[in-house]
Amino acid sequence: MTTPDVLGFPLTAPTTTGIPTAAAMPLPDAAGTAPGTGAGTPTPTAEPTTAARPATDPTGRQFSRRSQQPTFTPELARRDVPILHRTVNGKPLVWLDNGATTQKPRQVIEAVSGFYGAGNSNIHRGAHTMAREATEAYEAGRTAVARFLGAASPDEIVFVRSTTEAINLVAQSWGRANLGPGDDILVPVLEHHSNIVPWQLVAKETRARVVPVPLRPDGQIDLDAYADRLSMRTRLVAISQASNVLGTVPPLREMTALAHRYRAKVLVDGAQAVAHFPVDVADLDADFYAFSGHKLFAPTGIGALYAKPEILEAMAPWQGGGNMIESVSFDRTHYAPVPHRLEAGTGHIAGVVGLLAAINWLTGFDRHAVAAYETELLGYAQQALAAVPGLDLIGSAPDRIAVLTFTLAGHDPARIADWLDQDGIAVRAGHHCAQPSLAHYGLTSAARASLALYNTPEEVDQLVESLQRLQQSA
């Protein structure tokens, strides 16, 4: 599927330092991008040379670029991301904290700046030109999200602040109405806290119970245990499409089909998945699907919830206020139809504009080529890190995204992150908001390097070399 072009406003252009400066461009019409701007799509450039990198590095590790398709190379992506060209502690930035947040291409930065510089207005019901333009941009973002997820209609998309808010929305609206004493909510041990705590809260309120599904030693969900725990008491299965700490990609289609045999609903946390491979909610048959924009090269503070139309239609408002009503009196209030009924107050309009630009930028690449590249880069990184004495990678599921969580003998994870930061390398350390996952391995903390489409084998080499020096310094 294709996404609409960014609805536009005058955009900014990055300077050579990567800091935007104002540069007016023609306003587009409601159907697309301003003429000649190309906003929202990757910068067209010639295929970069890879001659600077030998086919075999000094350690004998191999990394082949032959499998990359002409429609994607990491260099093409990097050219669009200004922050990747800065230095940290006097060293070129190596951003390996993509699981926490992704960096933003100039198309997103320009779209948000352009909205505030020339299109800022509240949306819906405004009679003036700028209100109509802002509304068109906001609803074009909804259409883009629907197409991006394979949803049948924009009306199946609710804008939220984040994956966390989306899950809380489902828990408080759908959960309150459909959960009761004795009902089960199945939650695998690999889940992020955002897909555990909201269910604990609503379970306490409704006297349902949260049932953990254990993991196998390699970090895969124990599917036999999952099948054993499903029953006619199961009302919901809440599961991530990709783990933020183990990288595990569960067999969602099969797990969803099994849950539906028991008439249970399935909520999919897609926060870590959407940036790495194409998503099709119809193919998954998910009842709910949630993701955050900032994990998808878009701004923070914007996310989306997909729900099947018949489920969404039955969901009561979980917040009240403006934008979610048709009429209000002290005798009776009539709510707006979905999805607006679930979007109380003024939404993050500029965030939606940025999300639309991010989707257009990402889908301007061949998504399958991106996924293949990241899989190859993950394999290279696994082999490279194996050469670091005392390093132990956590999780080894065969289907996974490019997340590398590890411990290093003799070093606290916070010390590892601080050491790497001195070399300009950004990784995450701590429990990663997934304490049950780490507890499965007897850990309370670990370091994590998480890769994205703009990361390179050279950056992996820098990570390995820095870790080797850390071990030698002990």
- Note on the structure: Extend 7 Å from the Cα of Ser473 along its Cα-to-C-beta direction; within region 85-115, residues with backbone N under 20 Å of that point are 87-97
- Note on the structure: Extension length gain for Asp418 and Thr129 (0.36 nm per residue less Cα distance), in nm, is 99.0 nm
- Task: Classify region 77-162 as rounded, prolate or oblate from the Cα gyration tensor: take a ≥ b ≥ c as the square roots of its eigenvalues, call it rounded if a/c is under 1.5, otherwise prolate when a/b beats b/c and oblate if not.
- Result: oblate
- Query: Taking R0 as 45 Å, what's the FRET efficiency between Thr71 and Arg216 from their Cβ-Cβ distance, rounded to 0.05?
  - Reply: 0.80
- Between Asp366 and Glu136, the FRET efficiency computed from the C-beta separation at R0 = 35 Å comes out, to the nearest 0.05, as 0.75
- Query: Do you know the relative contact order of the chain, to the nearest whole percent, from alpha carbon pairs under 8 angstrom that are 6+ apart?
  - Reply: 21
- Item | Mean accessible surface per residue for the chain, computed with a 1.4 Å probe while every protein chain stays in place, in Å² | 41
- Query: Which part of region 268-286 falls in the paramagnetic zone of Arg253, meaning amide N under 14 Å from the point 7 Å along Cα-to-beta-carbon?
  - Reply: 278-286
- Sorted by accessible area (1.4 Å probe), largest first, how do Trp199, Trp318 line up? Trp318, Trp199
- Amide H within-cut-off set for Val266, under 5 Å, with H built and near neighbours excluded: Val237, Asp287, Phe288
- Accessible area of the chain belonging to carbon and sulfur atoms, whole % at 1.4 Å probe: 53
- Contact order normalised by residue count of region 323-389, Cα under 8 Å, 6+ apart, percent: 20
- So what is the calculated 222 nm ellipticity per residue for the chain, using -39500 (n - 2.57) for each DSSP H run with n of 4 or more, over all residues, to the nearest 500 deg cm²/dmol? -9000 deg cm²/dmol
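Please find the FRET efficiency linking Asp155 to Asn120, where r is the Cβ-Cβ separation and R0 is fixed at 30 Å, and quote it to the nearest 0.05. Please report the intermediate quantities before stating the final value.
Values: r = 26 Å, r/R0 = 0.87.
After rounding to 0.05, the efficiency reads 0.70.
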- Task: Would you indicate which of (i) 21; (ii) 46; (iii) 27 is the value of percent of Cα pairs over 38 Å apart derived from the coordinates of this structure?
- Result: (iii)
- Nearby lysines by direct alpha-carbon distance to Lys308 (threshold 16 angstrom, same-chain neighbours under 8 apart not counted): Lys265
- Query: Stretched out fully, how many nm does the piece from Gln319 to Lys91 gain, at 0.36 nm a residue minus the Cα gap?
  - Reply: 77.4 nm
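The values are calculated or read from the model by the stated rules, or taken from the named source; none is laboratory data. Worth saying up front: this structure is predicted, and the values here are computed from it rather than measured. When we count neighbours, we look across all protein chains shown, and the Cβ atoms used for this are built from the backbone with ideal geometry, even at glycine. The area values use the complete protein model at the heavy-atom level, side chains included, leaving out ligands, DNA and RNA. Shrake-Rupley method; radii C 1.70, N 1.55, O 1.52, S 1.80 Å.
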